[in-house]
Amino acid sequence: MSDLYPAVVETPRLRLVSRRPKHVGVHEAYDLCSAPEMDDVTRYMPWSRHETPKVTKEFLDRGESSWTDAESADYAIIPREGEDGAGEIAGFGGLHTDWDRRVGELGLWLRPRYWGRGYSGERAAALAALAFDALDLEVVSVSHVATNEKSKRAIEKYMAALGGGLDGREPNSIIIDGDPTDELRYSVSREDWLATTGGDFDAEFRWDADPDGVR
């Protein structure tokens, strides 16, 4: 089922390339994932910055296995030409697919220099369209650590634009720095997405076998 997900997703400002070793170089990803700025990124994440290239290789290998097993479409997020930092990896994000429940769950992290540009919402709109239009899922969901105000503002904005909203608080649902922490969860149904957006989206999905990657 390796062809289930598009290898490349293009939006007006972003190019998403599958997070697999043949498309994303280990050493480039390691330089990014081990940088001191990652301490700011991982503050609300259940993982820490990469200490060795081996950790990064395992990260990319998980992207490969999840892709091949049709569990997740994981991508490197790259600003397109004309954007500040064009061609560099801005972060990683994807869509985890729960086929039994027909739910897709969004995930994302971006390097601090790319915060505040609206990339989170642009990527979410594209992956929601992928979930509903191409993968025939019924619900798209996303969550964040309850105290993460930046994520809260971004997610509230783009979920409203997609026709969704807050479902509620999940107590002690994630471990951060060894401590159970609450999350806020949001979702949008295919029906509400269609009613709000008309099913229109500004993204191109490419199932090319070997897209130009980031090496």
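The values are calculated or read from the model by the stated rules, or taken from the named source; none is laboratory data. What you see is a predicted model; the values in this text were computed from it and never measured. All Cβ positions, even for glycine, are placed from backbone atoms using ideal geometry, and neighbour counts span all protein chains on display. Each accessible area value is taken on the protein alone, full model and side chains, heavy atoms only, with ligands, DNA and RNA left out. Shrake-Rupley method; radii C 1.70, N 1.55, O 1.52, S 1.80 Å.
Some points to look at:
- In units of the rule-of-thumb radius 2.2 N^0.38 Å, segment 8-213 shows an alpha carbon radius of gyration of 0.98.
- ³J(HN,Hα), Karplus 6.51/-1.76/1.60, whole Hz, each residue of segment 69-77, x for Gly, Pro: 7, 6, 9, 8, 9, 9, 9, 7, 9
- Derived scalar couplings ³J(HN,Hα) [segment 117-133; Karplus, 6.51 cos²θ - 1.76 cosθ + 1.60; whole Hz; x for Gly, Pro]: 9, x, 5, 4, x, 5, 5, 5, 4, 5, 6, 5, 5, 4, 4, 7, 7
- Geometric extent, Cα atoms of segment 1-69 - Rg, Dmax (angstrom): 13.3, 37
- Residues 153, 15 ordered from highest to lowest accessible area at a 1.4 Å probe: 153, 15.
- Relative contact order computed over the chain (Cα-Cα under 8 Å; 6+ residues apart), in percent: 25
- Surface calculation, 1.4 Å probe, protein heavy atoms: residue 55 sits at approximately 50 Å² accessible.
- Per-residue SASA entry for residue 156, accessible area with 1.4 Å probe, Å² rounded to 10: 80
- In this calculation the C-beta distance from residue 169 to residue 55 is compared with R0 = 41 Å, giving a FRET efficiency of 0.80.
- For residue 146, distant residues with modelled amide H under 5 Å away: 182, 183, 184
- The mean accessible area for residues of segment 84-215, using a 1.4 Å probe and ignoring ligands and nucleic acids, is 49 Å² per residue.
- Estimated distance in nm for a label pair at residue 100 and residue 192, the labels positioned 7 Å out from Cα along Cα-to-Cβ: 2.4
- A simple spin-label model places pseudo-atoms 7 Å from Cα toward Cβ; at residue 208 and residue 153 they are separated by 3.6 nm.
- Surface composition of segment 8-213: carbon plus sulfur atoms hold 46% of the accessible area, using a 1.4 angstrom probe and ignoring ligands, DNA and RNA.
- Nearest-20 debye value, the chain charge dipole, Cβ charges on Lys, Arg, Asp, Glu: 420
- Under 5 Å between amide hydrogens, built in the peptide plane, is the criterion, and for residue 14 it picks out 80 among residues at least 5 positions away or on other chains.
- Placing R0 at 30 angstrom, the Cβ-Cβ distance between residue 86 and residue 34 gives a FRET efficiency of 0.85 after rounding to 0.05.
- Per-residue HN-Hα couplings for segment 14-26 [Karplus 6.51, -1.76, 1.60; θ = phi - 60°; Hz; x = Gly/Pro]: 10, 10, 9, 10, 3, 7, 10, x, 6, 10, 10, x, 4
- Value of Rg to Rh for segment 64-184, rounded to two decimals, is 0.96; Kirkwood radius and Rg both from alpha-carbon coordinates.
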